[in-house]
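The values are calculated or read from the model by the stated rules, or taken from the named source; none is laboratory data. In this text, all values refer to a predicted model and were calculated from it rather than measured experimentally. A quick note on method: Cβ atoms are made from the backbone with ideal geometry, for glycine too, and the neighbour counts reach across all protein chains shown.
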Amino acid sequence: MKTAYIDNEAFEIVEGETVLSFIRRFKAKELVPTLCDAPNLDPFGSCRVCSVEIALSKDGPVKTMASCHTPVAEGQYIYTSTEAVKALRKNIIELVLTDHPLDCLTCEVNGNCELQTVAAQVGIREVRYPEGDTHLDKTKDLSHPYMTSDLSKCINCYRCVRACDEVQGEFVLSMAGRGFDSHIIKGLDQSFMESDCVSCGACSQACPTSAISDVFQSKAIQATDTTRTICTYCGVGCNLEVATTNGKILSITAPYDAEVNQGHTCLKGRYAFKFYDHPERLDSPMIKRNGEFEKVSWEEVYDYITERFKYFKAEFGPDSLAGISSSRCTNEENYLMQKFFRAVINTNNIDGCARVCHSPTALGMQRTYGTGAATNSIDDLKDTNCIMVIGANPTDAHPVTGAKLKQFAMKSDNVCIVIDPRRTELARYATHHLALRPGTNVALLNMMIYYIITEGHVDKSFIESRTEGYEAFEKEILNIDLDALEAVTGVDRNDVKAAALAYATAPNAMSFHGLGVTEHSQGTFTVMQIADLALLTGNIGRRGVGVNPLRGQNNVQGSADMGVQPHQGAGYLDVTNDEVNKRYNEFYGVTVPKEIGYKIPEMFEAALDGKLKAIWIIGEDVVQTDPNTKKVIRALEATDLVIVQELFMTETAKYADVILPGASFLEKSGTFTNGERRVQAVRQVVEPIPGSKPDGQIIVDIMNRMGYPQPDYTPDGMLEEISQIVPFFAGIRWERLGKNGLQWPVAEDGTDTKILHQNEFKRGKGYFEYNAFRETMELQDHAKDYPYILTTNRELEHYNCGAMTRRTANEKILSDDYLMINPEDAKTHLIHEGDYVCVESPRGKVDVKARITDEVKPGILSTTFHFPEIMINLITGDIHDSEAKCPEYKVVAVRIRKSKGKYKKQLV
């Protein structure tokens with residue numbers, strides 16, 4: 001055991017530790033004050049406030065050194081509070097204060113100033129030196145809706161610059177000038193709004209003096225409580241610390257000890273929370289009578305729903321009812337929703353966003369590995385040499401993970417492969433960017449696999465010991481037509497070869513994929529190819545490798561785990577299997593159905609055919625987000641009873657017969673499961689707004705009204721039930737989740753799993769299956785008359801249909817959807833930046849503003865879908881993935897022309 005001494009007391013050291021971290025492991029944090037140090041930043045050593053004296057022997061000569069970046073070594077004697085050290089610290093702080101507003105010592109308002117705290121720690125009551133003037137005449141930057149700067153308070157500690165560089169990787173902040181003229185600038189000495197700032201708030205959280213702060217920060221000092229919970233937006237699963245007082249939310253910050261986000265968030269997680277008490281929140285159940293919504297009591301609405309459900313079930317059978325659950329709800333609520341339809345209604349007509357957007361991931365990985373979830377953790381980026389990102393723009397859609405991927409890509413020794421039609425932000429840093437034509441993922445990946453095989457870079461021992469089906473797979477691959485695939489993808493074969501060999505020859509390679517993989521007619525096959533690439537090269541079953549889907553909504557993984565799909569119940573158990581059916585029957589105490597239920601598009605078809613009489617939709621705005629909006633509306637209008645459980649009057653809610661006001665993530669408890677299988681505790685921060693209820697309790701109430709006894713909703717009680725039926729939740733208990741959750745599968749003793757498939761696959765052996773490229777019917781049928789390909793994307797500022805983010809100040813940052821169009825195409829159609837473009841498909845047309853950019857190739861268009869005023873899904877079609885029925889949002893045949901302005905949409 002190696003030891004060093006703190007004030008003559010021996011303690012064990014850890015390899016690679018700094019003196020400061022060594023001291024803090026055993027002594028009070030306040031023993032050695034700091035200013036430039038921050039938990040999530042690399043040691044920097046600019047302020048020297050953390051100086052200590054170090055000797056190499058007990059009686060040896062001492063040397064004063066900054067503890068934050070000095071490595072601790074065996075036998076060191078570290079003295080933290082000698083008179084010389086205390087005098088040095090005091091003198092440093094006095095000098096800092098001379099160029100800082102001197103009211104810092106007496107200020108009672110700014111409770112976020114670490115300089116004030118450190119000044120008190122070192123014993124300063126007044127400053128002996130004359131006041132400087134470098135802090136004067138600094139204009140405040142009030143341009144941003146969330147972030148402000150008052151650089152008169154800046155002490156040049158570089159923490160904001162380092163946070164922008166090391167955490168976000170944006171490089172917006174820097175230091176200009178020299179000596180006494182040194183000062184922080186944004187971009188080219190711009191305001192926040194003029195610069196390339198992405199509003200993540202990392203600089204605000206890092207700043208020790210509030211020289212950069214957020215608009216909620218001054219309120220945060222009034223907080224009487226803080227609650228740790230999980231973000232409601234994307235599938236990264238960031239931990240949040242929510243400050244409150246008197247039941248009102250004041251601010252949100254990110255805890256440094258969070259394994260997922262380590263003190264970092266995006267602007268949505270940190271700032272976009274004011275939707276929770278927005279004036280437009282639904283605050284009463286409503287029933288539509290004579291075409292108008294009437295507010296009613298909970299008792300009346302429960303009676304109405306129960307009566308109608310019982311009638312439809314008795315008169316038309318259980319399959320005349322269906323449910324759509326929500327990936328924004330907790331695991332427990334999703335579990336209850338599928339239980340309601342299976343055990344109470346007696347139908348498997350239950351579906352949700354998890355199956356809509358990532359069903360090809362689940363199905364493709366289940367076919368190949370036996371488990372349809374991420375094989376590794378994001379933390380494994382520390383141990384990989386190569387990343388392949390396909391069909392994803394993580395810096396916008398999964399910003400905290402995206403920042404980590406960007407940091408990885410920027411390091412010169414790392415290999416980054418980006419496969420995407422757009423030149424995304426990550427593509428700019430990529431070693432290889434393969435800008436393929438949308439819809440040709442299968443063609444390009446077959447080319448990559450071909451080169452790995454023909455160049456002799458397969459892992460033969462892994463294939464022989466842990467896989468099956470390889471011989472037939474290899475035979476098919478070797479017969480592909482490279483000329484045809486090169487032509488259809490639009491990517492030079494030499495570029496494909498270089499990327500393939502980079503992936504195959506890396507000691508460790510990880511892949512990440514998103515909706516640009518799954519939302520295609522061949523989405524399942526693409527996922528299987530990505531999984532096959534890992535099998536082919538042995539990149540599975542250890543740290544730094546694997547196949548890792550990037551989940552779009554916060555609980556996509558969890559809602560699928562809980563059985564929100566028509567073919568698999570809770571725990572991915574096959575509803576048609578006799579043994580599974582027997583298990584469900586015994587557990588639920590009723591006979592549950594064995595027939596596969598309707599997927600969402602099949603629900604709409606059944607409604608149009610008069611077979612579906614009632615649908616209960618929780619937290620999904622299908623009118624705005626599902627393809628072919630006019631068809632969706634016709635289906636809802638053809639359904640006798642449409643129940644919408646929501647936070648706001650969404651586009652879908654307008655077509656409801658009954659509205660139930662649910663609760664936001666801040667108003668309830670439960671669990672979310674992030675994209676790396678991490679089950680984390682969502683803790684209630686405030687009470688639900690008057691008139692609303694937690695979604696889980698609403699489901700429980702209706703279950704009881706329907707005659708099925710179900711205890712009141714509690715997260716611990718529901719987890720106890722789930723652990724008995726979902727095999728990989730066996731050891732999950734509310735009290736075991738702690739701060740950072742557990743990654744399933746979790747054994748009964750609470751041991752979780754960081755890496756899947758280490759020794760064997762869930763299905764036994766990994767499975768190779770060849771699938772040839774086939775052109776989507778969308779282009780086969782319509783490309784002649786509609787020659788452009790439109791694909792969809794998300795923007796950083798908004799989330800999905802925008803129901804939450806459009807009711808925050810995010811709308812001041814981005815207030816409209818836009819169409820990305822290549823300069824050549826814009827010139828052909830006489831379109832200029834900001835012009836409205838009429839985009840027409842065989843289903844309809846929309847008008848959207850042009851953003852002219854070479855980020856897309858000629859012939860390719862890309863647009864966002866956050867604003868109902870545009871309603872992009874008026875033009876998307878009915879083509880789905882051939883295996884999992886996931887909509888093909890990413891390939892839409894369209895034609896374009898310059899328009900005079902917004903076209904008045906015809907929704908029906």
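Which residue out of ASN800, ASN810, ASN771 is modelled with pLDDT under 95 and closer than 30 Å to LEU533 by Cβ? Break it down into steps so the answer makes sense when it comes.
Numbers: ASN810 fails: closer than 30 Å to LEU533 by Cβ; ASN771 fails: modelled with pLDDT under 95.
Step by step, each of ASN800, ASN810, ASN771 is checked, and only ASN800 is modelled with pLDDT under 95 and closer than 30 Å to LEU533 by Cβ.
Pairs under 6 Å by beta carbon, first residue farther than 19 Å from TYR584 by Cβ in region 323-347, partner acidic (Asp, Glu) and part of a loop (DSSP other than H, G, I, E, B), six or more apart or different chains?
Filtered contacts from region 323-347: ILE324/GLU620; SER326/GLU620.
Looking only at residues in region 1-15 that are part of a loop (DSSP other than H, G, I, E, B) and within 44 Å of the chain's Cα centre (by Cα), which one is farthest from VAL85 (Cα to Cα)? Don't jump to the end; show me each part of the working.
Step one: of region 1-15, the residues part of a loop (DSSP other than H, G, I, E, B) are 1-2, 7-8, 13-15.
Cutting the leftovers down to within 44 Å of the chain's Cα centre (by Cα) gives us 1-2, 13-15.
Values: MET1: 29, LYS2: 26, ILE13: 23, VAL14: 25, GLU15: 26 Å.
Applying the filter and picking the extreme gives MET1.
Contact list please: Cβ distance under 8 Å, first residue in region 785-813 and over 16 Å from ALA397 (Cβ atoms), second residue part of a helix (DSSP H, G or I) and of a type in the set (Val, Ile, Thr), pairs at least six apart or on different chains.
Pairs found: GLU811/THR805.
Got a sec? Which strands (runs of 3 or more DSSP E) wholly within region 235-312 have at least 1 residues that are among the hydrophobic types (A, V, I, L, M, F, W, C) and closer than 25 Å to ASN376 by Cα? Before you say what the answer is, go through the steps one by one.
Details: elements: 239-245, 248-253, 286-289, 292-295.
Because the criterion is at least 1 residues that are among the hydrophobic types (A, V, I, L, M, F, W, C) and closer than 25 Å to ASN376 by Cα, the strands (runs of 3 or more DSSP E) in region 235-312 that meet it are 239-245.
Enumerate the helices (runs of 4 or more DSSP H) found wholly within region 573-654, keeping only those where 1 or more residues are touching a strand residue (DSSP E or B) at 6+ places or on another chain (Cβ under 6 Å) and modelled with pLDDT of 95 or more. Please lay out each step first, then the result.
Values: elements: 578-588, 600-608, 622-625, 629-638.
It comes to 578-588, 600-608, 629-638.
If you check every pair at least six apart or on different chains, which have Cβ atoms under 6 Å apart with a residue in region 292-315 that is more than 22 Å from ASN349 (Cβ to Cβ) first and a residue that is assigned to a strand (DSSP E or B) and among the aliphatic types (A, V, I, L, M) second?
PHE293/MET286; GLU294/ILE287; LYS295/MET286; VAL296/ILE287
Give the residues of region 688-721 that are farther than 27 Å from LYS310 by Cα and in a helix (DSSP H, G or I), sorted by residue number.
As a first pass, look at region 688-721 and keep what is farther than 27 Å from LYS310 by Cα: 688-690, 715-717, 719-720.
Selection gives PRO715, ASP716, GLY717, LEU719, GLU720.
Out of everything in region 645-667 that is aliphatic (A, V, I, L, M) and within 20 Å of HIS866 (Cα to Cα), what residue ends up being surrounded by the fewest Cβ atoms within 10 Å (Cβ to Cβ)?
Kept after step one, since they are aliphatic (A, V, I, L, M), are these residues of region 645-667: 647, 649, 653, 656, 658-660, 663, 666.
Retained after the next criterion (residues that are within 20 Å of HIS866 (Cα to Cα)): 647, 649, 653.
Values: LEU647: 25, MET649: 17, ALA653: 22.
Checked region 645-667; the qualifying residue surrounded by the fewest Cβ atoms within 10 Å (Cβ to Cβ) is MET649.
Among the residues of region 146-193, count how many are part of a loop (DSSP other than H, G, I, E, B) and either under 32 Å from the mean Cα position of the chain (by Cα) or free of Cβ contacts under 8 Å to residues at least 12 places away in the same chain (or both).
So the count comes out to 17.
From the list VAL85, VAL49, which one is within 24 Å of PHE180 (Cβ to Cβ), more than 37 Å from the chain's Cα centre (by Cα) and of a type in the set (Val, Ile, Thr)?
On the way: VAL85 fails: within 24 Å of PHE180 (Cβ to Cβ).
Among VAL85, VAL49, only VAL49 is within 24 Å of PHE180 (Cβ to Cβ), more than 37 Å from the chain's Cα centre (by Cα) and of a type in the set (Val, Ile, Thr).
Run down GLU840, GLU833 and say which single residue is charged (D, E, K, R) and either in the same structural domain as GLN624 (by TED's automatic domain parsing) or not in a loop (DSSP other than H, G, I, E, B) (or both).
Numbers: GLU833 fails: either in the same structural domain as GLN624 (by TED's automatic domain parsing) or not in a loop (DSSP other than H, G, I, E, B) (or both).
Only one candidate passes the filter, namely GLU840.
Could you give every pair whose Cβ atoms fall below 9 Å, whose first residue belongs to region 730-758 and is within 26 Å of GLY538 (Cβ to Cβ), and whose second residue is of a type in the set (Ser, Thr, Tyr) and in a helix (DSSP H, G or I), counting only separations of at least 6 or pairs across chains?
Final answer for the pair search is none.
Sort through LYS613, LYS582, LYS630 and tell me the only one that's crowded, with 23+ Cβ neighbours inside 10 Å and of a type in the set (Lys, Arg). Step through it out loud before you land on a result.
On the way: LYS582 fails: crowded, with 23+ Cβ neighbours inside 10 Å; LYS630 fails: crowded, with 23+ Cβ neighbours inside 10 Å.
Result of the check over LYS613, LYS582, LYS630: LYS613.
Could you say whether any residue in region 795-805 is assigned by TED's automatic domain parsing to the domain that holds GLU888, within 24 Å of GLY514 (Cα to Cα) and of a type in the set (Val, Ile, Thr)?
yes
Any chance region 724-734 includes a residue that's of a type in the set (S, T, N, Q) and either touching a Lys or Arg at 6+ places or on another chain (Cβ under 7 Å) or not assigned by TED's automatic domain parsing to the domain that holds VAL682 (or both)? Walk me through how you get there before you give the answer.
Step one: list which residues in region 724-734 are of a type in the set (S, T, N, Q), which gives 724.
Those still in the list that are either touching a Lys or Arg at 6+ places or on another chain (Cβ under 7 Å) or not assigned by TED's automatic domain parsing to the domain that holds VAL682 (or both) too: none.
No: region 724-734 contains no residue that is of a type in the set (S, T, N, Q) and either touching a Lys or Arg at 6+ places or on another chain (Cβ under 7 Å) or not assigned by TED's automatic domain parsing to the domain that holds VAL682 (or both).
Sort through THR805, THR791, THR828, THR863 and tell me the only one that's over 30 Å from PRO145 (Cα atoms) and either under 22 Å from the mean Cα position of the chain (by Cα) or buried (at least 24 other Cβ atoms within 10 Å of the Cβ) (or both). Write out each step before concluding.
Details: THR805 fails: over 30 Å from PRO145 (Cα atoms); THR828 fails: either under 22 Å from the mean Cα position of the chain (by Cα) or buried (at least 24 other Cβ atoms within 10 Å of the Cβ) (or both); THR863 fails: over 30 Å from PRO145 (Cα atoms).
Of THR805, THR791, THR828, THR863, the one residue that is over 30 Å from PRO145 (Cα atoms) and either under 22 Å from the mean Cα position of the chain (by Cα) or buried (at least 24 other Cβ atoms within 10 Å of the Cβ) (or both) is THR791.
Just to check your reading of the model, which residue among GLY750, GLY738 is within 25 Å of the chain's Cα centre (by Cα) and small (Gly, Ala, Ser)? Before the answer, list the steps.
Values: GLY750 fails: within 25 Å of the chain's Cα centre (by Cα).
Selected residue: GLY738, the only one of GLY750, GLY738 that is within 25 Å of the chain's Cα centre (by Cα) and small (Gly, Ala, Ser).
Any residue at all in region 806-814 that is closer than 29 Å to VAL400 by Cα, part of a loop (DSSP other than H, G, I, E, B), out of contact with any Ser or Thr (no Cβ under 7 Å at 6 or more places or on another chain) and hydrophobic (A, V, I, L, M, F, W, C)? Spell out how you get there, then give the answer.
The first filter runs over region 806-814 and keeps only residues closer than 29 Å to VAL400 by Cα, leaving 806-814.
Retained after the next criterion (residues that are part of a loop (DSSP other than H, G, I, E, B)): 808-809, 814.
Add one more test, that the residue is out of contact with any Ser or Thr (no Cβ under 7 Å at 6 or more places or on another chain), and what stays is 808-809, 814.
So of that shortlist, the ones also hydrophobic (A, V, I, L, M, F, W, C) come out as 809, 814.
Yes, the conditions are met somewhere in region 806-814.
In region 218-231, is there at least one residue being touching a residue at least 40 places away in the same chain (Cβ under 8 Å), assigned to a strand (DSSP E or B) and touching a helix residue (DSSP H, G or I) at 6+ places or on another chain (Cβ under 8 Å)? Step through it out loud before you land on a result.
Step one: of region 218-231, the residues touching a residue at least 40 places away in the same chain (Cβ under 8 Å) are 218, 220-221, 227-231.
When the remaining residues are screened for being assigned to a strand (DSSP E or B), the result is 227-230.
Keeping just the survivors that are touching a helix residue (DSSP H, G or I) at 6+ places or on another chain (Cβ under 8 Å) gives 229-230.
Checking region 218-231: at least one residue is touching a residue at least 40 places away in the same chain (Cβ under 8 Å), assigned to a strand (DSSP E or B) and touching a helix residue (DSSP H, G or I) at 6+ places or on another chain (Cβ under 8 Å).
Just to be sure I understand, how many residues within region 578-615 are of a type in the set (S, T, N, Q) and either in contact (Cβ under 8 Å) with a residue 12 or more places away in the chain or within 30 Å of ARG634 (Cα to Cα) (or both)? Show your work before the answer.
Step one: filter region 578-615 for residues of a type in the set (S, T, N, Q), giving 581, 585, 591.
Among the residues that remain, those that are also either in contact (Cβ under 8 Å) with a residue 12 or more places away in the chain or within 30 Å of ARG634 (Cα to Cα) (or both) are: 581, 591.
So the answer is 2.
Can you give me the number of residues within region 701-719 that are surrounded by fewer than 23 Cβ atoms within 10 Å (Cβ to Cβ) and among the hydrophobic types (A, V, I, L, M, F, W, C)?
3
In the list LYS310, LYS406, which residue meets the criterion of being surrounded by fewer than 24 Cβ atoms within 10 Å (Cβ to Cβ) and assigned by TED's automatic domain parsing to the domain that holds GLN680? Steps first, please.
Numbers: LYS406 fails: assigned by TED's automatic domain parsing to the domain that holds GLN680.
Going through LYS310, LYS406 in turn, the sole match is LYS310.
Name the one entry in ASP214, ASP225 that is out of contact with any Cys (no Cβ under 9 Å at 6 or more places or on another chain) and closer than 18 Å to ASP150 by Cβ. Give the derivation first.
On the way: ASP225 fails: closer than 18 Å to ASP150 by Cβ.
On inspection, the qualifying residue turns out to be ASP214.
Taking region 65-85 as the region of interest, how many residues are without any contact (Cβ under 8 Å) to a residue 60 or more places away in the chain and in contact with a Leu (Cβ under 7 Å, 6 or more places away or on another chain)?
In the first step, residues of region 65-85 are kept if they are without any contact (Cβ under 8 Å) to a residue 60 or more places away in the chain; the result is 65-71, 82-85.
With the extra rule that they be in contact with a Leu (Cβ under 7 Å, 6 or more places away or on another chain), the set shrinks to 67-68.
Final tally of qualifying residues: 2.
Scan region 199-228 residue by residue and report those that are closer than 30 Å to ALA392 by Cα and surrounded by fewer than 23 Cβ atoms within 10 Å (Cβ to Cβ).
Matches in region 199-228: ARG228 only.
Test of understanding: among LYS339, LYS288, which residue is more than 24 Å from PHE672 (Cβ to Cβ) and not acidic (Asp, Glu)? Write out each step before concluding.
Numbers: LYS339 fails: more than 24 Å from PHE672 (Cβ to Cβ).
That would be LYS288, the only listed residue that is more than 24 Å from PHE672 (Cβ to Cβ) and not acidic (Asp, Glu).
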